[in-house]
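The values are calculated or read from the model by the stated rules, or taken from the named source; none is laboratory data. Owing to the predicted nature of the structure, the values given are computational and were not obtained by experimental measurement. Every residue, glycine among them, receives a Cβ derived from its backbone with ideal geometry; neighbour counts consider all protein chains shown. Just so you know, the surface numbers come from the protein's heavy atoms only, side chains and all, with ligands and any DNA or RNA stripped out. Shrake-Rupley method; radii C 1.70, N 1.55, O 1.52, S 1.80 Å.
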Amino acid sequence: MPHTPASAAGWCDGRGGDGLGHRVGGAWQAVLVSLAPQRTVPPLVLITGPEGVLADRALASVLAEVRVTAPDLEVVRLQASSYETGSLGMHASPSLFGGEKAIVVQDLDEAPDDLQTDLLAYLAAPEPEITLVVAHKSGQRGKKVLDTLKKGGARVIDCPAVKTDRDKSDFAMHEFRAARRRATPEAVRALVEAVGRDLRELSAACQQLISDTTGVVDEALVEKYHGGKVEATGFRVADAAVAGNAGEALRLLRHAIATGVDPVPIVAVLAQQLRQLVRVGHAGRGKSADVARDLGMAPWQVDKARRALSGWEAEALGRSIQAVASADFEVKGGGRDPVYAVERAILTITRERAAGHRS
């Protein structure tokens with residue numbers, strides 16, 4: 001019997017005159033399928049938690065992961081506050097042109113009843129070609145939708161609030177590591193003190209240092225880019241006061257006020273520093289990392305507090321905290337001269353520190 005070679009079409013679709021094309025074509029199809037990128041994102045994704053920076057990154061990561069197998073992915077974003085009844089169902093309808101689609105529902109925690117109703121209806125019969133991503137910051141609103149998503153096997157991504165300095169330091173250090181840059185603990189500390197109040201600003205500051213500099217990120221580099229911000233915060237004021245240096249603390253305070261810093265955050269930092277001294281002193285001895293973990297602080301903060309505790313007595317710390325509490329009341333409207341209130345608190349702290357150091 002003469003051999004009939006497989007045609008080009010038979011090679012691709014498994015048809016061939018002697019069946020060889022079917023066997024070889026089938027094997028190659030299996031190889032091609034095994035080499036093709038496989039979908040890893042489930043049809044339902046829930047991003048939960050109040051930290052906006054982490055939530056934004058989680059969403060970007062999910063969409064990038066979907067695009068591995070669907071480079072022409074269509075993304076539809078629905079905002080809870082401006083949702084119109086039926087919009088979800090309309091966007092979830094199959095497209096005439098086919099292709100995959102991602103529907104992102106933002107702020108489920110603010111969702112009107114219509115959006116929640118439409119989501120529950122969709123979740124009863126989700127579309128296989130659609131990735132539904134729902135973001136929920138916090139609270140009980142939308143709980144039934146949350147429970148349904150979880151029961152439906154949704155991938156849950158937690159984005160908890162980053163509040164403690166330890167967490168902010170870890171976040172900043174991770175930013176540098178992800179960019180394959182090394183940052184010293186002192187640099188991270190200075191950066192957190194300068195811009196750590198808002199995680200988005202801290203992230204931007206890290207990215208600026210990564211893109212604009214080379215080599216190791218040290219404290220001098222942070223000072224160069226953010227030194228003005230560091231000086232304009234209460235951290236250096238508090239450091240000088242806790243160390244008993246009245247002249248330096250008052251000089252830094254007046255500089256901060258002259259550059260437009262409100263007395264309220266300065267008092268807040270003074271209170272924070274004193275509370276940290278009390279907590280670290282009460283924790284006793286032990287490895288800095290262990291104490292930091294127990295107290296929700298960064299290890300460098302524990303070391304700094306331990307150094308500052310030298311010369312302080314518990315009663316003196318208590319009186320200093322009371323002085324700062326009085327200043328806090330005055331700078332928030334309870335007194336006539338907020339700046340004088342802060343100065344009086346600083347003088348009390350430095351006097352108590354000096355008295356303890358002499359004893």
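What number of residues within the stretch 348-359 satisfy the criterion of being open to solvent by 60 Å² or more (accessible area, probe 1.4 Å) and within 37 Å of the chain's Cα centre (by Cα)?
0
Entry remark, the stretch 81-112: residues being part of a helix (DSSP H, G or I) and either of a type in the set (Phe, Trp, Tyr) or over 14 Å from LEU146 (Cα atoms) (or both) number 8 in total.
The number of residues in the stretch 46-55 that are of a type outside the set (S, T, N, Q) and in contact with a strand residue (DSSP E or B) (Cβ under 9 Å, 6 or more places away or on another chain) comes to 5. Selection of first residues in the stretch 295-316 that are at positive phi and of second residues that are open to solvent by less than 40 Å² (accessible area, probe 1.4 Å), restricted to Cβ pairs under 6 Å at least 6 apart or on distinct chains, gives the following pairs, ordered by first then second residue: GLY311/GLY356. The set of residues in the stretch 312-324 being open to solvent by less than 60 Å² (accessible area, probe 1.4 Å) and either at pLDDT 95 or above or more than 35 Å from the chain's Cα centre (by Cα) (or both) consists of TRP312, ALA316. Here VAL339, VAL269, VAL331, VAL291 are screened, and the one residue that is open to solvent by less than 30 Å² (accessible area, probe 1.4 Å) and touching a residue at least 60 places away in the same chain (Cβ under 8 Å) is VAL331.
The number of residues in the stretch 176-187 that are open to solvent by 10 Å² or more (accessible area, probe 1.4 Å) and in a helix (DSSP H, G or I) comes to 4.
Give me the residue from the stretch 184-211 that is out of contact with any Asp or Glu (no Cβ under 8 Å at 6 or more places or on another chain) and of a type in the set (Gly, Ala, Ser) and, out of that set, farthest from LYS304 (Cα to Cα). Looking at the filtered set, the residue picked out is SER211.
In the condition set (1) among the aliphatic types (A, V, I, L, M); (2) modelled with pLDDT under 95; (3) open to solvent by 40 Å² or more (accessible area, probe 1.4 Å), ALA190 is compliant with all but (3).
Taking ARG285, is it touching a residue at least 12 places away in the same chain (Cβ under 8 Å) and open to solvent by 40 Å² or more (accessible area, probe 1.4 Å)? Spelling it out, it is not the case that ARG285 is touching a residue at least 12 places away in the same chain (Cβ under 8 Å) and open to solvent by 40 Å² or more (accessible area, probe 1.4 Å).
Quick one: would you say ALA172 is at pLDDT below 95, touching a Leu at 6+ places or on another chain (Cβ under 8 Å) and under 30 Å from GLU223 (Cβ atoms)?
yes
Is it the case that some residue within the stretch 47-56 is under 22 Å from LYS151 (Cβ atoms) and part of a strand (DSSP E or B)? Checked against the condition, which is being under 22 Å from LYS151 (Cβ atoms) and part of a strand (DSSP E or B), the stretch 47-56 yields at least one hit.
One residue stands out in the stretch 113-137 among those that are farther than 19 Å from PRO42 by Cβ and in a helix (DSSP H, G or I): the one that is least open to solvent (accessible area, probe 1.4 Å), namely LEU115. For the stretch 256-266, a residue qualifies if it is part of a helix (DSSP H, G or I) and under 16 Å from GLU193 (Cβ atoms), and the qualifying residues are ALA256, PRO265, ILE266. Among the residues of the stretch 238-254, some residue qualifies, meaning at least one is open to solvent by 70 Å² or more (accessible area, probe 1.4 Å), under 26 Å from VAL267 (Cα atoms) and at pLDDT below 90.
Note on the stretch 172-214: residues that are under 14 Å from TYR225 (Cβ atoms) and under 12 Å from the mean Cα position of the chain (by Cα) amount to 4.
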